[in-house]
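A short worksheet on the structure shown next.
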Amino acid sequence: MTLDELKTYIRDIRDFPKPGIVFKDITPLLTSGPAFQEVVDRIAGRYRGRVDMVLGIESRGFIIGAAVAYALGLGLALVRKPGKLPHERYAARYELEYGSDTLEIHRDALGDRSRVLIVDDLLATGGTASAAIELVRRLDGDVVACAFIIELAFLKGRTRLATDDVFSLITYAGE
Ligand code: AMP
């Protein structure tokens, strides 16, 4: 499936979750077996042999991250919203396109692995992914790359991400 075809599975929802936001809804993509598989195969294929842990950001990052981890035969580290992780953890605060929040990680989330691929559904301002990068660094991990299905390039989120490789399948130059 081409990237142009893949793009047809992403639905714009205007004024969600609040006025002025164009929400990129990936549920049509998840509904399609071939489209979901295409996303996972493209991300997994690019990083096979280059990483030893996948990190998914709650919650849509879990869906893609878990599938990429499985495809690569790797484990999955979780970055979650506050109050969800039961064991010892670190926290990082970040600014979101709509509000601000905190993300957490278990201190033993990487085990003895260190080459990390961070996965989320969408890169907007980069606040979320930069918090995930900060958390990986706190665990002495090396962020090999951040991978997304969608990048809202007009928000310039990639300039905030302190990693050499910021990869996205589908880029929107404007809203
Ligand atoms: P940011 O921290 O600004 O890069 O925002 C990225 C996070 O917020 C991702 O986890 C996305 O799922 C979510 N997000 C931000 N903007 C949108 C949008 N326009 N459509 C869908 N999800 C979004």
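Remarks
- With Cα atoms defining each centre, the stretch 114-148 and the stretch 86-106 are spaced 12 Å apart in the structure.
- Computing Rg and the Kirkwood Rh from the Cα coordinates of the chain gives a ratio, Rg/Rh, of 0.94.
- In the stretch 50-172, the portion of solvent-accessible area held by carbon and sulfur atoms comes to 45 percent [1.4 Å probe, whole percent, DNA, RNA and ligands not counted].
- Three-way shape label, the stretch 12-70, alpha-carbon gyration tensor, a/c 1.5: prolate
- Mean Cβ neighbour count within 10 Å, used as a protection proxy, ranking 62-70, 41-49, 143-151 highest first: 143-151, 62-70, 41-49
- With 10 Å bins from 0: P(r) over the stretch 89-148, alpha-carbon pairs, percent: 24, 55, 21, 1
- Packing-based order for 51-60, 72-81, 127-136, using average beta carbon neighbours within 10 Å, highest first: 127-136, 51-60, 72-81
- With only Cα atoms counted, the stretch 119-165 has Rg and Dmax values of 10.1, 32 Å.
- Antiparallel content of DSSP bridges confined to the stretch 50-172, in %, to 5: 30
- Computed over the stretch 1-103, the alpha-carbon pair-distance distribution with 5 angstrom bins reads 2, 11, 16, 18, 19, 18, 12, 4, 1, each value a whole percent.
- Using the Cα coordinates of the stretch 48-152, the gyration tensor eigenvalues translate into equivalent-ellipsoid semi-axes of 19, 17, 12 Å, sorted from longest to shortest.
- Helical mean residue ellipticity (222 nm; -39500 (n - 2.57) per DSSP H run of 4+; nearest 500) of the chain: -8500 deg cm²/dmol
- Surface analysis of the stretch 50-172 yields an accessible area of 43 Å² per residue, using protein heavy atoms and a 1.4 Å probe.
- Computed lengthening from K81 to S114, 0.36 nm per intervening residue step minus Cα-Cα distance: 9.7 nm
The values are calculated or read from the model by the stated rules, or taken from the named source; none is laboratory data. Worth saying up front: this structure is predicted, and the values here are computed from it rather than measured. So basically every Cβ, Gly included, is an ideal-geometry build from the backbone, and we count neighbours across all protein chains shown. Surface areas here come from the heavy atoms of the whole protein model, side chains and all, with no ligands, DNA or RNA. Shrake-Rupley method; radii C 1.70, N 1.55, O 1.52, S 1.80 Å.
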